[in-house]
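Working notes, beginning with the structure itself.
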Amino acid sequence: MPISNKTPHRPINAYRVPAMLRNLSYKLSSALSSSEVPKLEHSDDFTKAKKTEDLFPTTDPAIDGDDCLHDCASCSVKYPRKFEIDETEELFGHVKGWSTHLIVATGKTDWVRDVADEQGSIMEAVDRGDAKPSNGKLMLSASNMPVPNHSDHSSMVLLLPSWQFIDNVTPANIPTLITDFVDPGPTNNTPLHTGTRPAARPEETLSTPTTVPPSISSTPQLQARPCPHKYLILMCSQKTRDARCGQSAPLLRKEFERLLRPMGLYRDLHDERPGGVGIYFISHVGGHKFSANIMVYRHSSVVQHKQHANGNETKPHINSAQERLAELKIEDDGDQEVLLDANQEQEQEGSGEAAQCIWLARVRPEDCENIIKYTVLQGKVVKPERQLRGGFDRCKQLASW
């Protein structure tokens, strides 16, 4: 039998740390897939991942330590005793693909059964209006993001994968939102290139000529700004669709907060400091029988760009935290554990886009620690067979659909 001369892939270590800081190294590393990236006929083509490990690497005790084999032992949050879900159906590969994700700030955690049925809402205008995206399916979600206190009663939306907040959104200017921001922006099926231009920039939007004088304009002008977070966790909380979603989301957020606060990574709804993990409740995404559903979006600055899908090696895109580690001075006080916050090193990364979305289901509170440690911060999946529904990786040009 011929012996392969290929060396097994190993993730790049950010830097070497003392033994007492081993548990922090995951904050400063970007995960690379253990599988080969398929060669595509055209450099901008995407392909369907046939196996979970093709899309996202699975944790390996030999690399990640034995912690990845165990659920959180210190978790005090529990689901109700009668919290039962489907544990039999296969998950991976059954999610219908989407191109963009529009998340609307409503300030609420529960909504009417179909959010587009809310009369006079932005969701209704997007779903029932005449303007439709030209770049593929748009996933529409209501969210608990706070509504800005504007006299014109406008709100804001988060557009992914553009990784942009868009302010001054009303039902009346939805056609402009679609044509000026969604249509020209990136999609989940467009390759991620370093330096990709955002869909629209605030200064470009402000300078756009208008035939109606601003003083008598009936609709406010849309303005885009980068979302400051490096990671996003979206959780379905819509109890009008399924009571389990309304039960699980607050409990999981409480556990995520407990884990993220000591790392300096927790961001509440009003916290727009650069970096960190933004956690939002969203409306029904499908598959409530697999509750809890969690979508993890990861920013391009925290994902390693190892190789294009056409097989050509490229210069790795190293995030600022890794780039400046040599300049980082680490001090400990009497062998006390030192927590490193990579946010400061990432503040100057620029706007960027979403590089990955990892969609998990059947998530329980005891899973939260490893989800933060491996999935959110490294892009790895701990329980792919049981929990991974799908997602995309724009660096590898792979998706689950």
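The values are calculated or read from the model by the stated rules, or taken from the named source; none is laboratory data. Since the structure is predicted, the reported quantities are computational estimates derived from the model, not experimental observations. Note that each Cβ is placed from the backbone with ideal geometry, even for glycine, and that neighbours are counted across all protein chains shown. Just the protein is used for accessible areas: all its heavy atoms, side chains included, with ligands, DNA and RNA removed. Shrake-Rupley method; radii C 1.70, N 1.55, O 1.52, S 1.80 Å.
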| query | Of Lys50/Lys78; Lys230/Lys383; Lys230/Lys396; Lys289/Lys380; Lys48/Lys380, which pairs sit farther than 29 Å apart, going by alpha carbon to alpha carbon? | reply | Lys50/Lys78
| query | Glu369 accessible area, nearest 10 Å², 1.4 Å probe? | reply | 70
| task | Would you kindly derive the ³J(HN,Hα) couplings of the range 226-240 from the backbone phi angles with the Karplus curve 6.51 cos²θ - 1.76 cosθ + 1.60 (θ = phi - 60°), listing them in order in whole Hz, with x for Gly and Pro? | result | x, 5, x, 7, 9, 9, 10, 10, 10, 10, 5, 10, 7, 6, 5
| said: If I model a spin label as a point 7 Å beyond the Cα along the Cα-Cβ vector, how far apart are those points for Asp130 and His153 in nm? | reply: 2.3
| task | Distance between Cα centroids, the range 91-147 to the range 349-383: provide it in whole Å. | result | 22
| How many percent of the accessible area of the range 72-193 is carbon or sulfur, using a 1.4 Å probe? | 48
